[in-house]
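J.: Here's a structure for you.
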Amino acid sequence: MTVPVLTIDGPSGAGKGTVSRAVAAKLGWHYLDSGALYRALALAAQKQAINLQDQTSLAEVAQTMSLEFICASQVSVMLDGEEITRQLGLESTGNAASIVAALPAVRQALLQKQKDFKRLPGLVADGRDMGTVVFPEARTKVFLTASAIKRAERRYKQLKEKGIDANLTLLAKEIEDRDRRDSERKIAPLAMAADAIFIDSSDMTQDAVIQEVLSLIR
């Protein structure tokens, strides 16, 4: 039996995670946050004092690390049995993940790990190359984006609510820099699949985006 797959790709801060988790919950499908794989790898590398440009060592960690998404009222992420959910959300982790994600050996090592999340009754996969590289066969593909300043404002609000100090101008620059790295990398760059549906969430509520994505599936 064919396993249905919905891919939601787009740049950092576009709301992919929130939308993907909500859609997966409403459909009763499995969920893959591919960005969490790279963030988890970056964390594992930092804990082991591995240079973020050391492709061989990073690939070895990528192949052996165990990552699990526990879906309850909130999604918890476990790395080798340790909960790392909060650490994944740090800006420093995101920036480190963007560096390791550009390395060909790392992307190859994590490719099969991502494919293994494809199980019945279905999968919602969130990332940057889900519809172009990991699941090109997916029947439904979405490219979700928003302006850089709108994404920076959302991130600023999230950090402030968590009691974390932040600078809006610096956040916007980091987002633009990350977009450029992700779009210009030679292996699996951030790109919209030719058969994807384009959604700009700059002036949309999260609920409106969720309903639009659900309508594509139903």
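Just so it is clear, none of the values below were taken in a lab; they were calculated from the coordinates. Keep in mind that this is a model prediction, so the values were computed, not measured. Glycine gets a Cβ as well: all are built from the backbone with ideal geometry, and neighbour counts include every protein chain shown.
J.: Enumerate the calculated ³J(HN,Hα) couplings along the range 36-42 in order (Karplus 6.51 cos²θ - 1.76 cosθ + 1.60, θ = phi - 60°), each rounded to whole Hz, writing x wherever the residue is Gly or Pro.
T.: Karplus-based 3J(HN,Hα) across the range 36-42 equals 5, 4, 6, 5, 5, 5, 4 Hz.
J.: When the Karplus curve 6.51 cos²θ - 1.76 cosθ + 1.60 is applied with θ = phi - 60°, which whole-Hz ³J(HN,Hα) does each residue of the range 99-115 get, with x for Gly and Pro?
T.: Couplings: 6, 5, 5, 7, 8, x, 5, 5, 4, 5, 5, 8, 4, 5, 4, 5, 4 Hz.
J.: Counting residues in the range 167-218 as N, plug N into 2.2 N^0.38 Å and put the Cα Rg over that result. Show your work: numbers first, answer last.
T.: Numbers: Rg = 14.6 Å, N = 52, 2.2 N^0.38 = 9.9 Å.
Scaled against compact globular proteins, the figure is 1.48.
J.: For VAL142, enumerate residues with amide H under 5 Å from its amide H, sequence gap 5+ or separate chain, H modeled in the peptide plane.
T.: Hits under the 5 Å cutoff: THR7, ILE8, ASP9, ILE197.
J.: So for the range 5-217: antiparallel DSSP bridges make up what percent, rounded to the nearest 5?
T.: Values: 7 of 24 bridges.
If we restrict to bridges inside the range 5-217, about 30 percent are antiparallel.
J.: For the range 19-31, take each phi angle, set θ = phi - 60°, evaluate the Karplus expression 6.51 cos²θ - 1.76 cosθ + 1.60, and give the result in whole Hz per residue in order, putting x for glycine and proline.
T.: Karplus values, whole Hz, x for Gly and Pro: 5, 4, 5, 5, 5, 4, 5, 5, 8, x, 9, 6, 10.
J.: Using Cα positions and a limit of under 21 Å, work out the lysines in reach of LYS141, with same-chain residues fewer than 8 apart set aside.
T.: Qualifying lysines at Cα under 21 Å: LYS16, LYS26, LYS113, LYS115, LYS118.
J.: Now a separate question. Running a GNM on the chain with Cα contacts under 10 Å, which residue among VAL75, VAL124, VAL100 ends up with the highest mean-square fluctuation?
T.: Judging by the Gaussian network model, the answer is VAL75.
J.: Each label point is 7 Å from the Cα along the Cα-to-Cβ direction; what then is the distance between the points at ILE164 and ASN51, in nm?
T.: Between ILE164 and ASN51, the simple spin-label model gives 2.8 nm.
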